[in-house]
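Participant: The structure follows.
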Amino acid sequence: MSVPQEAAPLDLLVVGCGAGGLTVAQAFLEEVDRDGRSPRVVLLERAPRAERGGATRWSWVNVTVDTDGVVDPGVIARILTSHPDVDEEYFRVIEREGAATVAWLEEHGVQIAHQRPPFAMANDYGAMVGGGASLVEAFCALLEAREGVEIRYDTEALRLTTDADGRVDGVIARGPDGLTRRLAADAVVLATGGFEGSLEAVTRYVGQRAGQIRHVVPGLRFNTGDGLRMATELGAATAGQFDRLHVQLVDERTSKPDAGIFGIPYGVIVDGRGRRFVDEGSATAEALNAPLAWSVWRDHDATASFVFDARAARIPGWEFLNQSDIQPYRADTLAELAGLIGVDPAALEDEITRFNAAVGDGDFDPGVLDGRRTHGLDIDKTNWALPIEEAPFFAYPLATASTFSYGGIRIDLEGRVVTPRGTAIPGLYGAGVVTGVWYGEYPGAMSVLRTVTFARRTGAEIAAARVPIH
Ligand SMILES: Cc1cc2nc3c(=O)[nH]c(=O)nc-3n(C[C@H](O)[C@H](O)[C@H](O)COP(=O)(O)OP(=O)(O)OC[C@H]3O[C@@H](n4cnc5c(N)ncnc54)[C@H](O)[C@@H]3O)c2cc1C
């Protein structure tokens, strides 16, 4: 194929404009600045400018760090024991460098605030003020203000190019005019996010019916697994669990982005037959949600409803837990509510009657695992068990929605893409979700932290690799 080539090779070409790509570019430039060099850097962004930033743009960006930026060692321990293939060295780096990552983000105008909601949480969290959009805007502004740096919107990378020895030396990209061009570069970073945006890839890796899983936000449609495809075409190794997506429960009726339904620990969840199937009090709202959303899709025919009563709806901060733009179904009786969510009225009444009868004594406290539980049910509820008895009764019909895929390409600790025997492919790097690390357990609030921590290292590594600056 004969493809027009742009003039001089770039010093760095980054594919993707989310937390991973933006961080690599910025960290590279800061390292190069120390040498007084003037590099040329291009970032390719498939999305139009107004939608730049992939998943990052839509992310809440909770971060598992305490007020000093320290990553909870308990969370790292949980990740390390979740699966034998988890890369311990990778997570030890995050444990060591997490605080420096947070400090670096703050130096660049991105604030992390600590304000605990009135609900029990699994981890100690900070949250990015303004969410991930604040990161995207701050870093794009820094990069676009710099001479020699350009973000090309509406431009998608198609494939990598190599020299005669197999060193990655550029990318073929399709621009907004529909034409392809080759951009030569001394180093190429794949930061294309996950494959959740491709129905074909989701079906291939995750399996039958996975196409039913909707996107939690529209930005995911740009993430079609291209980095994974381009790198594996050159022999890159893969890592992470390929048949698993990170998912969450949303209001089934709405197309509002990020219509998360998190209140389930304070009510009950029933399947399409009106039956409970999980201990809703087994974990905090955010820790329960992803495994439960996965189970609803995989084991319960993608059909479930969250049922609660007037007393639960008065819990302070309820609207923080349930982010739909549509009011829940509301009824004066459970039988009427059952009709609204499409389950057998007698079955739902029977289920809730048995649940209510099993609720024990104790103080209800949504701020801690309160131990207020049921006794004697096939599936007991072990915290926050309140009888569902005060009309009106409410229900949200639920759907499972994806946030990111787990499987990706394998990198080493410097962000170099490696082959199955661990050899780095010269000139090729990966950053963010395109690099696979999760197996089963994703503890929450770690994706941006791990992305930025490693993307910083990768930017510095590329600069230090002393490729000639043109
Ligand atoms: C609603 C929501 C809430 C979340 N909350 C949290 C949270 O609280 N804490 C947390 O840590 N994580 C959270 N996450 C996950 C986290 O935001 C993402 O995992 C992370 O931001 C991904 O960063 P990234 O740079 O790897 O990918 P992305 O931000 O998705 O960026 C990928 C980029 O690649 C571009 N691209 C893809 N293919 C091509 C191509 N061929 N050519 C050119 N460009 C291409 C895309 O357009 C995009 O710019 C959340 C995610 C969502 C959706």
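The values are calculated or read from the model by the stated rules, or taken from the named source; none is laboratory data. Predicted model only: the values in this text are computed from it and were never measured. Because the Cβ atoms are built from the backbone with ideal geometry, glycine has one as well, and the counts that use them run over all protein chains shown. These area figures cover heavy atoms from the full protein model, side chains too; ligands, DNA and RNA do not enter into them. Shrake-Rupley method; radii C 1.70, N 1.55, O 1.52, S 1.80 Å.
Participant: With only Lys, Arg, Asp and Glu charged, each at its Cβ (+1 for the first two, -1 for the last two), find how big the charge dipole of region 247-401 is about the Cα centre; round to the nearest 20 debye.
Facilitator: Once rounded to the nearest 20, the dipole reads 160 debye.
Participant: Which listed residue (L428, F393, T374) has the Cα farthest towards the positive end of the charge dipole for region 334-429, taking +1 on Lys and Arg C-beta and -1 on Asp and Glu C-beta about the Cα centre?
Facilitator: Result: L428.
Participant: If you count only protein heavy atoms and use a 1.4 Å probe, how large is the accessible surface of E196, to the nearest 10 Å²?
Facilitator: My reading of the accessible area for E196 is about 10 Å².
Participant: OK, next. Based on a Kirkwood Rh over C-alpha pairs, give the Stokes-Einstein translational diffusion coefficient of the chain at 4 °C and viscosity 1.567 mPa s in µm²/s.
Facilitator: 56
Participant: Follow-up. Determine how large the accessible area of E31 is when every protein chain is in place; take a 1.4 Å probe and give Å² rounded to the nearest 10.
Facilitator: Accessible surface of E31 is approximately 60 Å².
Participant: Any idea which of S255, T333, A293 is furthest toward the positive side of the dipole for region 247-401, if Lys and Arg beta-carbons carry +1 and Asp and Glu beta-carbons -1?
Facilitator: Going by the Cα projections, it comes out as S255.
Participant: As a test of the formula, what do you get for the chain when each DSSP H run with n ≥ 4 contributes -39,500 (n - 2.57) and the sum is divided by the residue count, at 222 nm and rounded to the nearest 500 deg cm²/dmol?
Facilitator: Rounded to the nearest 500, it is -9000 deg cm²/dmol.
Participant: Follow-up question, since we're still on this one. Could you please put R416, R273 in sequence from largest to smallest accessible area, using a 1.4 Å probe?
Facilitator: Result of the area sort, largest leading: R273, R416.
Participant: Kindly point out which whole DSSP H helices in the chain project their C-alpha atoms 15 angstrom or further along the helix axis while averaging a Kyte-Doolittle hydropathy of -0.5 or above.
Facilitator: Counting only whole DSSP H runs, the qualifying helices are 19-33, 88-107, 131-144, 285-299, 345-358, 447-464.
Participant: Next question. So, taking all protein chains as they sit and a 1.4 Å probe, how much accessible area belongs to L199, in Å² rounded to tens?
Facilitator: Its heavy atoms expose roughly 110 Å² to the probe.
Participant: Give the ranking of L428, L334 by solvent-accessible surface, highest area first, calculated with a 1.4 Å probe.
Facilitator: From most accessible down to least: L334, L428.
Participant: At T419 and L179, where each label point lies 7 Å from the Cα along Cα→Cβ, what is the point-to-point distance in nanometres?
Facilitator: Here the answer is 3.7 nm between the modelled labels.
Participant: If you don't mind, another one. Just to confirm, what accessible area per residue do you get for region 247-401 at 1.4 Å probe, in whole Å²?
Facilitator: Accessible area per residue, region 247-401: 40 Å².
Participant: Once you order the gyration tensor axes a ≥ b ≥ c over the Cα atoms, which shape class does region 247-401 get: rounded for a/c under 1.5, otherwise prolate or oblate by comparing a/b with b/c?
Facilitator: rounded
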